[in-house]
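Enquirer: Quick one: the structure is below, questions incoming.
The values are calculated or read from the model by the stated rules, or taken from the named source; none is laboratory data. Quantities reported herein were computed from a predicted structural model and do not represent experimental measurements. All Cβ positions, even for glycine, are placed from backbone atoms using ideal geometry, and neighbour counts span all protein chains on display. Heavy atoms of the whole protein, side chains included, go into the accessibility calculation; ligands, DNA and RNA do not. Shrake-Rupley method; radii C 1.70, N 1.55, O 1.52, S 1.80 Å.
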Amino acid sequence: MLVPLSWLKDFVDIDIPAEALAEKLTLAGLEVAHITYLGVPQGHVEGITWPEADHLVWDRDKLLWARVREVKPHPDADRLVLAMVDYGGAELEQCVTGAPNLFEYRGLGPLDEPLYTAFAAEGAEVWDGHSDEPKRMILKEKKLRGIPNRSMVCSEKELGLADDHDGIILMHSDLGHAPGTPLQDVLGDVILEIEYTPNFARAMSMIGVAREVAALLNMPLRQPSYHVSMTGAPIENQVKIEVREPALNPRFTAALLRGVTIKPSPDWLQRRLKLIGQRPISNIVDVTNYVMFELGQPLHAFDYDKLVARAGGQTPTIITRLPEPGERLKTLDGVERTLDEHNILVADTAGALSLGGVMGGEDSEIGDDTTNVLLEAAAWNFINIRRTITSQKVHTEAAARFSRGVHPSQALLGVKRGIELMREVSGGQIAQGIVDAYPQPAPTIEIDLPASEIKRLLGIEVAPALAADLLARLQMLVVLNGDTLHVTVPDHRLDIGTGIVGQADLIEEIARIYGYNNIPSTIIADALPPQAPDADVTNEEHTRDLLAALGLRENISYRLTTPEHEAQLVPTGMASSLPDAGYVTLANPISPDKTVLRHTLLVSLLDNARANARYTRRQATFEIGAVYLQREGETLPDEPRHLGILLTGPRHPSAWSDKATADNADFFDLKGLIETLLEQLHIKGVEFERGTHTTFHPGRSAALKVKNKPVGVFGELHPSVAAAFGLTETPVLLAELDLDAILRRLNPLFSVQPLPVTPPVLQDIALVVKEEVPAAQVEKIIRRAGGDLLKDARLFDVYQGEPIPPGHKSLAYSLTYQTDDRTLTDKEVAKVHEKIVKAAERELEAKLRDGSA
């Protein structure tokens, strides 16, 4: 939010430089992200460093507040006029200008209508309004179409106020300053840009920031006027209020103003709205925005006559309720919205009028012909507002405040302030009385805070009297009973809890105003608690280290997704192999694409790969994190840790040049990586089986088992799934393993073997088996038959074709025979070799391929 110091000073005196104030606010939790200087010099405070601002400082002698007294035609140019300007000098200054907003005054003679502007004398430095690039210039005398000109009347662009160069600054009031006043004193300002954390919603207004400033500077706070001049007929029987959902709408107030004139807002109001980045629209609408930024209480104005017409000429009844099934509402942004069942509405007997706390509807908006205005100020349930802005995908300044919490007490203050300002800027009479439906009054929070608790949490001694004073600066009512502070929390502080939580909140406020930087650093005065090793965490970190050593980078992703997004892992028309347990659904999702807790890591891996594909062809990543699977009859889900791995692109990082696509990573790269990981973790009993998971390419995936228990799947991504995620350039290899199940089988006490001292005997064997027989099954039989003498069996060739019979394949293995105590003889090896061949023939109907061992 943008906070002009000129507006802030309406409520609190500021006796320190803007930079020092920004530093204090930031240290107290209101982070000032940027300072903008409008025409005034940047301050320099010792010990405080803010980035130097590249801005134009208005010369106090040459840039002045002025009044246009007459606009004469240019004798030789239709698009130029001569503005006769009173800048406080002895004579009027003639300025040649092409400002189109002066043309309507051309040739009218001396002007009775006040017309004020910014005047730049010869030698003044301004921005070049005709340049597309930021460029400064010094005013020098020159002729414009034959008329000498040495000064100018300025646009906002030429002063660095905005990009507008369609006309000069023109105001119809003097803003309290006579011609000749330095422009710095009239339009100069310093604007703080504050970035709010959710717990500072109370400060999302000028008065909210002023409260903080008053407390930090120990200055009195001035409240705006809440006096209302009610001279119209009583409001009774002119409008009725019916609150049907008090839990969602605890308070609704309304005031009536008759006989208004819709017109542009006065200059002071337009200027303040522009300073905070808001576009002036009309006097009534501008007041609703002004009060929202001033008090933090959003308002909404209805055309009262439209409400009467909708009520058939009878007294309109405003109803706050939930929508009817299928009900729709066209909001002020022109969108026809299908309402969700939780969207609280402001309605009447004819239907919906507005989306409560978020946005008004078109049917009752203020127009140029509006003469009677019904002003609403209400309180709404902040959680419900959050749900509404998420489901309806609409964000407004009002919703930003209501979604963080606005106390019901602020509604009455807002409607009083707003209706009186409307009367002042648009005329008319305010009806006597305010309709106030308050079915659920908010309780007053009272907390007893022992001084000992302050020392316990802060670690420093804060005298009870000082603590009471610090809290009183924040408008808290404090009664000191010995060493206990009895604190009554002001109603605007929705962030202060009750009981023990409330005590901690108050102590935090004491620390903020006391100054975190004033709390000394000390060494802990107690022994650290004993550190017990956590094997679970240690093993997980060891797994991370191994994966990083294998060349993978870690992903860290949100654990939230949507069922529709995870459904993209299933090819169209195929049954899903994903977990069929129901999702854990969030009651209040943070965004529309994060509504449930995930079932798999694959989606986040693929999303990240798609985002990173713009920058690199080769990706090798992993992610470790929980998935959430609902358990039947249980409230809380099962949360097993999974390990996800993704490979895509070239097998090796590019060196001098990129390799051909034939060098892309494939199924066996991923399988080898998993085997290496399990080997480094000393996991025994690892088996691979043909995979059938629908997310993966048929025939290019596998299921992983450890000691005959399934622990994961891996393989090449199915082409249609890859297309759904926009990853079609190179094959994508994925794995998802149950890390908890793997680490449960990890034995920290693993056996080691000395290096062999006898030479090995190496032989090859090629077995012809049926095509559907897995190589893993053949290897299992070979190892079992080989017994202790067979140290290793490695598949090195798979062949199909002549002379292998159709429907069969040849699997060639390299066998290593060895003992630790002697050198094997050829006879011993031949005996074991023959045993292997017979076992394969007996169990698999295998045949020894001709020419093999």
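Enquirer: What is the sum of charges around T488, taking Lys and Arg as +1, Asp and Glu as -1, for the other residues whose C-beta is under 13 Å from the C-beta of T488? Each step should come with its number before you reach the end.
Expert: Details: positive: R493; negative: E446, D448, D491.
Charge balance in the 13 Å sphere: -2.
Enquirer: What nm distance separates the two modelled labels at E564 and V798, each placed 7 Å from Cα along Cα→Cβ?
Expert: Once both label points are built, they end up 4.0 nm from each other.
Enquirer: Hey, another quick one. How many percent of the accessible area of the stretch 301-425 is carbon or sulfur, using a 1.4 Å probe?
Expert: Values: 2070 of 4570 Å².
Its accessible area is 45 percent carbon and sulfur atoms.
Enquirer: For the stretch 239-334, what Kirkwood radius comes out of the mean inverse Cα-Cα distance, in Å?
Expert: Working: mean 1/r = 0.0629 Å⁻¹.
About 15.9 Å, per the Kirkwood formula over Cα pairs.
Enquirer: Using alpha carbons only, how many degrees (0 to 90, rounded to 10) separate the axis of helix 206-217 from the longest principal axis of the chain?
Expert: 90
Enquirer: So if each residue of separation counts as 0.36 nm, and I subtract the Cα-Cα distance between D185 and A463, what length gain in nm does that give? Each step should come with its number before you reach the end.
Expert: On the way: separation 278, 0.36 × 278 = 100.08 nm, distance 4.33 nm.
Taking 0.36 nm per residue and subtracting the Cα distance, the gain is 95.7 nm.
Enquirer: Which residues' amide hydrogens lie under 5 Å from the amide hydrogen of E242, considering only partners 5 or more residues apart or on another chain, with H built in the peptide plane?
Expert: I318, I319, T320
Enquirer: In the full protein assembly as shown, how much of L457 is accessible to a 1.4 Å probe, in Å² to the nearest 10?
Expert: About 80 Å², rounded to the nearest 10.
Enquirer: Also: In square angstrom, what is the accessible area per residue of the stretch 719-758 with a 1.4 angstrom probe? Intermediate results must be reported in sequence, preceding the final value.
Expert: On the way: 2310 Å² over 40 residues.
On a per-residue basis, 58 Å².
Enquirer: Also, I was wondering about something else. Once the other residues with Cβ under 13 Å from the Cβ of G405 are scored (Lys, Arg +1; Asp, Glu -1), what is the net sum? Walk me through the numbers before you get to the answer.
Expert: On the way: positive: R202, R386, R401, R404, R493; negative: D491, D495.
Result for the local shell: +3.
Enquirer: Based on the Cβ-Cβ distance of L144 and D545, what FRET efficiency does E = 1/(1 + (r/R0)^6) give at R0 = 56 Å, to the nearest 0.05? Mind dumping the intermediate values first?
Expert: Numbers: r = 75 Å, r/R0 = 1.34.
Approximately 0.15, to the nearest 0.05.
Enquirer: Report the calculated FRET efficiency for A776 and K835 (r = Cβ-Cβ distance, R0 = 35 Å), to the nearest 0.05.
Expert: On the way: r = 20 Å, r/R0 = 0.57.
Efficiency at R0 = 35 Å is approximately 0.95.
Enquirer: Which lysines have a Cα lying under 30 Å from the Cα of K847, excluding residues fewer than 8 positions away in the same chain?
Expert: Excluding near neighbours in sequence, the set is K671, K705, K707, K770, K780, K791, K809, K827, K831, K835, K838.
Enquirer: If you don't mind, another one. Using alpha carbons only, how many angstrom separate the centre of the stretch 432-476 from the centre of the stretch 550-626?
Expert: When both Cα centres are located, 45 Å separates them.
Enquirer: Now a separate question. Shape of the stretch 703-837 from its Cα gyration tensor (a ≥ b ≥ c, root eigenvalues): rounded if a/c is under 1.5, otherwise prolate when a/b > b/c, or oblate? Don't skip to the answer; put the middle values down first.
Expert: Working: a/c = 2.69, a/b = 1.40, b/c = 1.92.
Since a/c reaches 1.5 but b/c is at least a/b, the shape of the stretch 703-837 is classed as oblate.
Enquirer: For the stretch 237-254, in order, what is each residue's ³J(HN,Hα) by Karplus, 6.51 cos²θ - 1.76 cosθ + 1.60 with θ = phi - 60°, in whole Hz (x at glycine and Pro)?
Expert: 6, 9, 7, 10, 10, 10, 9, 8, 10, x, 5, 9, 9, x, 8, 9, 10, 8
Enquirer: Can you give me the long-range amide H partners of V40? Hydrogens built in the peptide plane at 1.01 Å from N, cutoff under 5 Å, separation of 5 or more residues or another chain.
Expert: Long-range HN contacts for V40: W58, D189.
Enquirer: Using a cut-off of 12 Å between beta-carbons, work out the net charge of the residues near F11 (Lys and Arg +1, Asp and Glu -1, F11 not included).
Expert: Charge balance near F11 sits at -1.
Enquirer: Take the alpha carbon gyration tensor of the stretch 183-223, find the square roots of its eigenvalues, order them as a ≥ b ≥ c, and report rounded if a/c is under 1.5; if not, report prolate when a/b exceeds b/c, else oblate. Numbers along the way, then the final one.
Expert: Working: a/c = 2.58, a/b = 1.42, b/c = 1.81.
Verdict is oblate for the stretch 183-223.
Enquirer: Using alpha-carbon pairs under 8 Å, 6+ residues apart, how would you state the relative contact order of the chain in percent? Show your work: numbers first, answer last.
Expert: Working: 1684 pairs, mean separation 69.2, N = 853.
For the chain, the relative contact order is 8 percent.
Enquirer: Turning to a different aspect of this structure: Once the Cα atoms of helix 283-295 and of the chain are each reduced to a long axis, what angle between those two axes, in degrees from 0 to 90 to the nearest 10, is obtained?
Expert: Once rounded, one gets 60 degrees.
Enquirer: Mind listing the phi-derived Karplus ³J(HN,Hα) values for the stretch 545-552, rounded to whole Hz, using 6.51, -1.76 and 1.60 with θ = phi - 60°, and x for any glycine or proline?
Expert: In residue order, the calculated couplings are 4, 5, 5, 5, 5, 7, x, 9 Hz.
Enquirer: Could you quote the convex hull projected area for the stretch 97-187, Cα atoms only and averaged over all directions, in nm²? Don't skip to the answer; put the middle values down first.
Expert: Numbers: hull surface 26.6 nm².
Orientation-averaged projected area of the Cα hull: 6.6 nm².
Enquirer: For the stretch 1-103, give the percent of accessible area contributed by carbon and sulfur heavy atoms, probe 1.4 Å, rounded to a whole number.
Expert: Values: 2300 of 4820 Å².
Heavy-atom surface of the stretch 1-103 belonging to carbon and sulfur, 1.4 Å probe: 48 percent.
Enquirer: Collect residues whose amide H, placed 1.01 Å from N in the peptide plane, falls under 5 Å from the amide H of S265; neighbours closer than 5 in sequence don't count.
Expert: Amide H neighbours of S265, under 5 Å, 5+ apart: N283.
Enquirer: Further, regarding this structure: For the stretch 450-510, what relative contact order do you get, as a whole percent, if you take Cα pairs closer than 8 Å and at least 6 residues apart? Each step should come with its number before you reach the end.
Expert: Values: 60 pairs, mean separation 18.1, N = 61.
Here the relative contact order equals 30 percent.
Enquirer: Sorting K393, K306 by accessible area (1.4 Å probe), largest first, what list results?
Expert: Numbers: K393 140, K306 65 Å².
Largest accessible area first, the residues go K393, K306.
Enquirer: A further question follows. Set the Förster radius R0 to 45 Å, insert the Cβ-Cβ distance between V752 and R610 as r into 1/(1 + (r/R0)^6), and round the FRET efficiency to 0.05. Could the numbers behind the result be given before it?
Expert: Working: r = 44 Å, r/R0 = 0.97.
With a Förster radius of 45 Å, E is 0.55.
Enquirer: Among all the lysines, which ones have a C-alpha under 21 Å from K140's C-alpha, if same-chain residues fewer than 8 places away are not counted?
Expert: K62, K157
Enquirer: Hey, what do the phi angles of the stretch 633-645 turn into as Karplus ³J(HN,Hα) couplings, whole Hz, using 6.51/-1.76/1.60 and θ = phi - 60°, x for Gly and Pro?
Expert: Result, rounded to whole Hz: x, 10, 6, 8, x, 6, 10, x, 7, 10, 10, x, 10.
Enquirer: How tilted is helix 382-391 with respect to the longest principal axis of the chain? Cα atoms for both, answer in degrees (0 to 90, nearest 10).
Expert: The helix 382-391 is inclined about 70 degrees to the chain.
Enquirer: Then there is this: When the accessible area of the stretch 774-852 is computed with all protein chains present and a 1.4 Å probe, what percentage of it is carbon and sulfur? List each step's numbers first, then the result.
Expert: Numbers: 2410 of 4830 Å².
Roughly 50 percent, rounded to a whole number.
Enquirer: Taking 0.36 nm per intervening residue step and subtracting the Cα-Cα distance, what contour gain separates E133 from E843 on full extension?
Expert: Between E133 and E843, full extension yields an extra 247.2 nm.
Enquirer: On average, how much accessible surface per residue is there in the stretch 1-142, in Å², for a 1.4 Å probe, leaving out ligands, DNA and RNA? Walk me through the numbers on the way to the answer.
Expert: Working: 7260 Å² over 142 residues.
Here the per-residue accessible area is 51 Å².
Enquirer: Using protein chains only and a probe of 1.4 angstrom, how many square angstrom of I383 are accessible, to the nearest 10?
Expert: Counting only protein heavy atoms, the figure is 80 Å².
Enquirer: Across every pair of different alpha-carbon atoms, what Kirkwood hydrodynamic radius in Å does the stretch 348-483 reach?
Expert: Values: mean 1/r = 0.0524 Å⁻¹.
The answer is 19.1 Å.
Enquirer: Going 7 Å from the Cα of E46 in the Cα-to-Cβ direction, what parts of the stretch 11-35 have a backbone nitrogen less than 20 Å from that spot?
Expert: 15-24
Enquirer: Keeping every protein chain present and rolling a 1.4 Å probe, give me the accessible area per residue for the stretch 208-295 in Å².
Expert: Numbers: 3500 Å² over 88 residues.
Result: 40 Å² of accessible area for each residue.
Enquirer: Can you return the lysines within cross-link range of K143? Criterion is Cα-Cα under 19 Å, with same-chain partners fewer than 8 residues away left out.
Expert: Qualifying lysines at Cα under 19 Å: K72.
Enquirer: Next question. How do M1, M206 stack up against each other in accessible area, from largest to smallest, with a 1.4 angstrom probe?
Expert: Working: M1 45, M206 0 Å².
Greatest to least solvent exposure: M1, M206.
Enquirer: Rg(Cα) of the chain divided by 2.2 N^0.38 Å? Don't jump to the answer; show the numbers that get you there.
Expert: Working: Rg = 38.8 Å, N = 853, 2.2 N^0.38 = 28.6 Å.
My calculation over the Cα atoms of the chain gives 1.36.
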